[in-house]
Amino acid sequence: MTRLFRLFVSSTFEDLQMEREALHTRVFPELAELCLKRGARFQPIDLRWGVSEEAGRDQRTMQICFEEIARCQRQTRRPNFLVLLGDRYGWRPVPTSIPADEFAAILDGLVDQPADRRLVERWYHGDDNAVPPTHVLRPRASLEGEQWLPIERQLHEALRDRRCRPAGRAGAPASVRGVGDAPRNRTGRLLRP
C-alpha cells in the first residue's frame, strides 16, 4: 500500500493569495515528486476551491473544513496541517449550533435588544431531537454571499460577549464567547489585532 501524506492548508484567502499560489505552483509539485521517488503520495488539501456554494448556504463550511482536517490527521501522522498567518483575522462564522441552555441565556441577555433577539430567534431553530437539545443555524437558502454578509454581521453583533450577559453570569456562554470580538488567549488576554 502506498503511503499518503495529506496536508491541510489554512489561511485567510484575500491577503495570502500569492503565498498560496506559490505553494501550489512551486512547493507542492516538488513535494509530490519527492514523495513519488520514495513510493508515497502527497495530497495538499486547500478548500479555497473545494467548498460548494450549496454547502455554504447550508451553513456547513466550517463542518467541512473540520472534517477535512480530521481526515488529514487520521491519514497522516505529522505534518498534516499548514497555517499561513498574515495581517487579517479572516472570516469568523457565527456558531452553527448552540446548546439549548446557552441559547436561553443568550435570549435572556438580549431582553433589552428586541430587534437583536428577533434576529437570533429567526435564524436559529430548536432541535429537540439532539442530545443535548440545541439550536441550529438555519440554512441561508437562496441568499447569496453579498446578501448573507450583513445578516451574519448583525448576528455577530447580537451574539457579542458584551450583549449576552444575563444577570448573575460572567460573560457569554462558551459556544458564543468572543463571537464578533477580537480573539483572546486562554487567559482572556486580547491577542494582537
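Taken over segment 115-134, the criterion of being under 10 Å from Gln154 (Cβ atoms), surrounded by 13 or more Cβ atoms within 10 Å (Cβ to Cβ) and either aromatic (Phe, Trp, Tyr) or more than 21 Å from the chain's Cα centre (by Cα) (or both) is satisfied by Asp116, Trp123. Residues that are within 14 Å of Leu137 (Cβ to Cβ) and either of a type in the set (Gly, Ala, Ser) or in contact (Cβ under 8 Å) with a residue 60 or more places away in the chain (or both) within segment 104-127 comprise Ile106, Gly126, listed in sequence order. For segment 133-148, the set of residues classified as more than 15 Å from Thr96 (Cα to Cα), free of Cβ contacts under 8 Å to residues at least 40 places away in the same chain and either in contact with a strand residue (DSSP E or B) (Cβ under 6 Å, 6 or more places away or on another chain) or part of a helix (DSSP H, G or I) (or both) consists of Glu146, Gln147, listed by residue number. Among the residues of segment 59-82, those identified as in contact (Cβ under 8 Å) with a residue 60 or more places away in the chain and more than 14 Å from the chain's Cα centre (by Cα) are Arg71, Cys72, Gln75, Thr76, Pro79, Asn80, Phe81, Leu82.
Every number in this text was worked out from the coordinates using simple rules, so none of it is lab data. All values reported here derive from a predicted model rather than from experimental measurement. Methodologically, a virtual Cβ is constructed for each residue, glycine included, from the backbone with ideal geometry; neighbour enumeration extends over all protein chains shown.
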